[in-house]
Amino acid sequence: MSCGRRSPRSNYWIETVQSEPPPDVSKRMLGQMSQEVDAVTQLVDELHELSQIESGRVTLKLAPTTIEHVVERALERIKPQADRKRIQIAAQPQTKVPPALVDADRIGQVLLNLLHNAVKFTADGGQVVVKTELLTIDQSPAPPIPADHASGIWVQVSISDTGIGIPSQELARIFERFYKVDRARTRNAGGTGLGLAIAKHLIEGHGGRLWADSAEGRGSTFTFTLPAA
Ligand code: ADP
């Protein structure tokens, strides 16, 4: 998307409406323009947010937080979207975990983003599961936990879907800003390609890590860790 001038598509819609076509055509073009405005607004908001985080201007409001409650709230918010695709979405009951020292709003935002992707990249009738576990890391963590993960006691949250998956050679790149896997495959999925870059920064800002595992065609699991309070 170019910033300084309108895209050929927007030009076409605007010129069509200016030529006073039949009302149903005008209505359709205005609908398209409204979607384009939403996409540009989202892009600007997310770019602004990423630059704020990267320049250290975002202060995390840390407090001991029951992560299961943050998960429940995020699940409630994503449910209507999952229902529209008949995707079963739920938290898998695990053993109780201690509270984590986090900014609950920011972690809610990360969870919502990962759940949104899980629903977006999973076909109708699929499944999304969220697990919360306690993780103790001693010296050298075993894969898939990143080798340089700090030791200590962590609350680990994973979001697994039965969706299209991510080819292994692309896994490391999806956290880069604007990176999208195989644009042709996900042409109508929308999104800016900034969500995972923002999520990674926010998790690392809490001292944790975010990573992904996937089997192409079978699904993906995104996992992040948060310091136990
Ligand atoms: P966006 O979703 O806006 O494109 P993200 O930064 O959230 O941007 O994700 C980057 C890319 O990673 C997506 O475009 C998609 O190709 C891939 N991706 C993210 N989550 C999933 C998922 N759950 N299943 C398959 N691919 C995914």
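Annotations
Quick grid of which residues meet (1) surrounded by fewer than 16 Cβ atoms within 10 Å (Cβ to Cβ); (2) out of contact with any helix residue (DSSP H, G or I) (no Cβ under 9 Å at 6 or more places or on another chain); (3) not polar (S, T, N, Q):
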position	(1), (2), (3)
TRP13	no, no, yes
PRO23	yes, yes, yes
GLN35	yes, yes, no
ASP38	yes, yes, yes
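- Members of the range 44-67 found to be touching a residue at least 12 places away in the same chain (Cβ under 8 Å) and either more than 30 Å from ALA229 (Cβ to Cβ) or not in a loop (DSSP other than H, G, I, E, B) (or both), listed by number: GLU46, LEU47, GLU49, LEU50, ILE53, GLU54, ALA63, PRO64, THR65, ILE67
- Residue list for the range 138-157, restricted to those being surrounded by 16 or more Cβ atoms within 10 Å (Cβ to Cβ) and free of Cβ contacts under 8 Å to residues at least 60 places away in the same chain: PRO141
- Selection status of SER160, closer than 28 Å to LYS96 by Cβ, surrounded by fewer than 20 Cβ atoms within 10 Å (Cβ to Cβ) and either out of contact with any strand residue (DSSP E or B) (no Cβ under 9 Å at 6 or more places or on another chain) or at pLDDT below 90 (or both): no
- Pairing each residue of the range 25-43 that is without any contact (Cβ under 8 Å) to a residue 40 or more places away in the chain with any residue that is surrounded by 14 or more Cβ atoms within 10 Å (Cβ to Cβ), provided the two are 6+ apart or on different chains, yields C-beta distances under 6 Å for SER26/VAL17; MET29/TRP13; MET29/THR16; MET29/VAL17; GLN32/TRP13; MET33/TRP13; GLU36/SER10.
- Identity of the residue in the range 187-229, of a type in the set (Lys, Arg) and over 16 Å from the mean Cα position of the chain (by Cα), that ends up modelled with the highest pLDDT: ARG218
- Look at (1) modelled with pLDDT under 90; (2) closer than 30 Å to LEU135 by Cβ and you find that SER55 fails only one, number (2).
- Counting the residues of the range 68-121 that are of a type in the set (D, E, K, R), assigned to a loop (DSSP other than H, G, I, E, B) and either in contact with a helix residue (DSSP H, G or I) (Cβ under 6 Å, 6 or more places away or on another chain) or at pLDDT 95 or above (or both) gives 3.
- Where strands (runs of 3 or more DSSP E) sit wholly within the range 130-229, those with at least 3 residues that are more than 16 Å from the ligand (Cβ to nearest atom) occupy 152-161, 219-227.
- Residue match in the range 25-32 (condition: farther than 24 Å from GLY208 by Cα, assigned to a helix (DSSP H, G or I), at pLDDT below 95 and of a type in the set (Val, Ile, Thr)): yes
- Subset of the range 116-137 [touching a Lys or Arg at 6+ places or on another chain (Cβ under 8 Å) and crowded, with 19+ Cβ neighbours inside 10 Å]: VAL119, THR122, GLY126
The values are calculated or read from the model by the stated rules, or taken from the named source; none is laboratory data. Values in this document were obtained by computation on a predicted structure and should not be read as measured data. Here Cβ is always computed from backbone atoms with ideal geometry, including for glycine, and neighbour counts include all displayed protein chains.
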